[in-house]
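Report on the structure given below.
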Amino acid sequence: QAKKSGRNTVLPYKQEYSSSLEKKIFLEEELRSAIRDEELMLYYQPIIDLSTEKIVGCEALLRWIDRAGKFVSPVDFIPVAEESGLIYELGNWINATAFKQLKLWQTLHTDMKYISVNVSPHQLQNADFVKDIQRLLDIHNVDPRHIQLEITEGTFLQESLNTQSQLRILGEMGFRLAIDDFGTGYSSLAYLKRFAVDVIKIDRSFVMDLEDDPADRDIVKAIIAMTTSLGFDTLVEGVETREQSLIVGALGCGYGQGYLYGKPTFADDYAEQYIGLKSVANR
Ligand code: C2E
Ligand code: MG
Ligand code: MG
Ligand code: MG
C-alpha cells in the first residue's frame with residue numbers, strides 16, 4: 001500500500017486508496033498526464049425533439065480511458081480538475097474539440113442544430129472565459145447560435161462578478177444557454193428572468209421513477225408548466241423507457257435525452273448511428 005505520495009513516487013496502478021485525499025492526489029497527477037498524453041475524448045449523446053422524434057443536437061460528454069484501458073468517470077475526475085484548477089485548460093480543450101466536431105459535421109451537410117457542452121462554474125469565474133471562447137469560435141469558424149452551454153443552477157446564483165457578467169455577455173453573443181440538472185440546486189428562481197436562458201434540463205432523478213412515483217410526476221409536471229409559461233424549452237434527462245418518454249411527452253415536455261434514444265458514443269460512431277455518415281476517416 002503506497003503511503004504519502006511524494007513527487008516522484010510511482011503508485012501501484014490498481015491500488016486501494018487509504019484515504020480520499022490520497023485518491024485525489026493520485027487522480028490529479030493521473031489527470032495531468034492524461035491531458036498531456038491525450039487520453040481524453042468527447043462522446044456525444046443525441047438530443048431528441050419529442051414531438052417529431054427527430055434528433056436536433058447532441059451533448060458532448062468527457063471521457064477518460066486511462067492507459068490501463070480503465071474507464072474513469074467524469075463524476076470522479078471533474079471535481080478533481082475543478083479543485084486543482086486544471087478545469088480551465090481542460091474546459092478550453094473541450095470547447096475547441098466540440099467546435100471542431102460541429103464544424104466538421106456541418107460541412108458534411110448534416111442538419112445538426114447544436115452541440116451542447118458542459119461548463120463548470122470554475123471556468124466562468126476566470127475573467128478570460130469570454131475572450132477564450134470567442135477566440136475558439138474564430139479559429140473554428142463556428143456560430144455561437146449552434147453552441148449550447150450547459151450551466152448548473154448554482155452557477156447562475158454565484159456572486160462572482162466575473163460569472164455574472166460573463167453569463168450575460170455569453171447570452172448576448174448568441175450562445176444557447178441550458179440549465180443543467182434543474183431541480184437539484186438552489187430554490188431561488190430569480191435568475192431565470194435575469195439571463196437569456198433557452199432550455200431547462202430536468203434532472204434525471206425526477207425521471208427515474210416516473211412510472212411509479214406520483215410525486216415525481218407532479219414535480220415534472222409543475223416544472224414543465226412553469227418553464228413553458230416563462231417561455232423556455234424543457235428537456236428531460238435520463239429517459240430510459242418508452243413509458244417515461246410517453247409520460248413526459250404527454251406532460252408537454254419538448255425534448256428528451258437518455259439511453260432510450262441513444263447512449264453517449266464517440267464521434268465516428270455517433271456520425272454513423274445518428275447522422276448516417278460512414279466513418280469520417282474514410283471519406
Ligand atoms: P450531466 O451534464 O447531467 O450529463 C448527463 C449524464 O447522464 C451523463 O453522464 C450521461 O452519460 C448520463 N446519462 C444520459 N442518459 C442517461 C440515461 O438514460 N440513464 C443514465 N443512468 N444516465 C444517463 P456522464 O457522461 O457520466 O457525466 C456525468 C457528469 O459529469 C455530467 O452530468 C456533468 O456534470 C459532468 N461532465 C461530463 N462531461 C463534462 C465536461 O465535458 N465538462 C464538465 N464541466 N463536466 C462534464
Ligand atoms: Mg450536461
Ligand atoms: Mg444534465
Ligand atoms: Mg445530470
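Readers should treat all values here as calculations from the given coordinates under stated rules, not as data from a laboratory. All values derive from a computational prediction rather than experimental measurement. Positions of Cβ are backbone-derived with ideal geometry, glycine not excepted, and every protein chain shown enters the neighbour counts.
Observations on the model:
- Qualifying helices (runs of 4 or more DSSP H) (wholly inside segment 99-208; at least 3 residues being under 22 Å from I87 (Cβ atoms) and not β-branched (V, I, T)): 121-125, 129-140, 153-157, 161-173
- Considering segment 67-91, the residues that are within 16 Å of ligand 2 (Cβ to nearest atom) and of a type in the set (A, V, I, L, M, F, W, C) include one that is farthest from K24 (Cα to Cα), namely L90.
- Near pairs, Cβ below 7 angstrom, 6+ apart or cross-chain, from segment 155-177 (more than 17 Å from A190 (Cβ to Cβ)) to any residue that is part of a helix (DSSP H, G or I) and among the β-branched types (V, I, T): Q166/V130; I169/V130; L170/V130
- Total residues in segment 143-183 satisfying the condition of being among the small types (G, A, S) and more than 16 Å from ligand 2 (Cβ to nearest atom): the figure is 4.
- Matching residues in segment 31-56 - criterion: being surrounded by fewer than 19 Cβ atoms within 10 Å (Cβ to Cβ) and closer than 28 Å to F77 by Cα: R32, S33, I35, R36, D37, E38, E39, M41, Y43
Yes/no per residue for (1) touching a strand residue (DSSP E or B) at 6+ places or on another chain (Cβ under 9 Å); (2) within 16 Å of ligand 3 (Cβ to nearest atom):
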| site | (1), (2) |
| --- | --- |
| L192 | yes, no |
| D213 | no, no |
| T227 | yes, yes |
| G231 | no, no |
| G258 | yes, yes |
| Y274 | yes, no |
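- Test: residue in segment 176-188 that is surrounded by 13 or more Cβ atoms within 10 Å (Cβ to Cβ), within 19 Å of V248 (Cβ to Cβ) and hydroxyl-bearing (S, T, Y): yes
- Cβ pairs under 8 Å, 6+ apart, first in segment 188-206 and farther than 10 Å from F156 by Cα, second within 12 Å of ligand 4 (Cβ to nearest atom) and of a type in the set (F, W, Y): I200/F182; K201/F182; I202/F182; D203/F182
- For segment 104-122, a residue qualifies if it is more than 16 Å from ligand 3 (Cβ to nearest atom) and not hydrophobic (A, V, I, L, M, F, W, C), and the qualifying residues are Q106, T107, H109, T110, D111, K113, H122.
- Considered as a group, the residues in segment 229-281 that are polar (S, T, N, Q) and touching a helix residue (DSSP H, G or I) at 6+ places or on another chain (Cβ under 8 Å) include one that is nearest to ligand 4 (Cβ to nearest atom), and that residue is T234.
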